[in-house]
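The values are calculated or read from the model by the stated rules, or taken from the named source; none is laboratory data. Quick caveat: nothing in here was measured; it's all calculated off a predicted structure. Please note: Cβ atoms are built from the backbone with ideal geometry, for glycine as well, and neighbour counts cover all protein chains shown. These area figures cover heavy atoms from the full protein model, side chains too; ligands, DNA and RNA do not enter into them. Shrake-Rupley method; radii C 1.70, N 1.55, O 1.52, S 1.80 Å.
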Amino acid sequence: MLNELRAKLDALGQETGKYYGITAALPCGPSHIANLDVPHLSNVLDELLLMAYDLHGAWDPVTGVNAPLYYQGFGDMNFSVDSCVQNSKNGGAPSNKISVGLGFYGRSFAYATGLNQPHQGADINNWFADDGLPQYFNILDRSDDMTIVRHDISKT
């Protein structure tokens, strides 16, 4: 399908004198990357937008950073922004075509006491307006009442 789209856009470009780029949002999970023909995608696509978010959330048994830059020190070592980029490059993606997509929202955990701790799902008590998925503007509105913590291991 992408080959056909590329051919049609190139034909249109011949008529208009313009170049039409193609990008795709691609997964970060190592098993998903392994199922992709990354070298072929890299030849057809102008940009590989890596979905480097939702790497951890209420579906996990313990709390974790939504999009940790580096391995958090617990859980699967492949679920970080850095691992996503490295796994994509190892699969054949050229560095100059990689872009990283980050979520401007949070992930909440009910009754959590810190990272790598058990929880009771998404925190809909404190983030009821967002169904437990705190949106950026709501986080900003409440930031004065929050404690900011930097996780040095994951650089988050």
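Some values worked out for this structure:
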read-out: Top-ranked residue of the stretch 73-127 - restricted to ones that are within 17 Å of the chain's Cα centre (by Cα) and aromatic (Phe, Trp, Tyr), ranked as most open to solvent (accessible area, probe 1.4 Å); value: Phe104
read-out: Number of positions in the stretch 29-61 that are in contact with a strand residue (DSSP E or B) (Cβ under 6 Å, 6 or more places away or on another chain), within 30 Å of Gly132 (Cα to Cα) and either part of a loop (DSSP other than H, G, I, E, B) or not hydrophobic (A, V, I, L, M, F, W, C) (or both); value: 1
read-out: Single condition Asp152 does not satisfy, out of (1) in contact with a strand residue (DSSP E or B) (Cβ under 6 Å, 6 or more places away or on another chain); (2) loosely packed, with under 15 Cβ neighbours inside 10 Å; (3) charged (D, E, K, R); value: (1)
read-out: Search result, residues across the stretch 128-141 that are open to solvent by 80 Å² or more (accessible area, probe 1.4 Å) and touching a residue at least 24 places away in the same chain (Cβ under 8 Å); value: Tyr136
read-out: Pair list, Cβ < 7 Å and 6+ apart or interchain, from the stretch 75-93 residues that are under 18 Å from Trp59 (Cβ atoms) to residues that are buried (at least 19 other Cβ atoms within 10 Å of the Cβ) and polar (S, T, N, Q); value: Asn78/Asn87; Ser80/Ser154
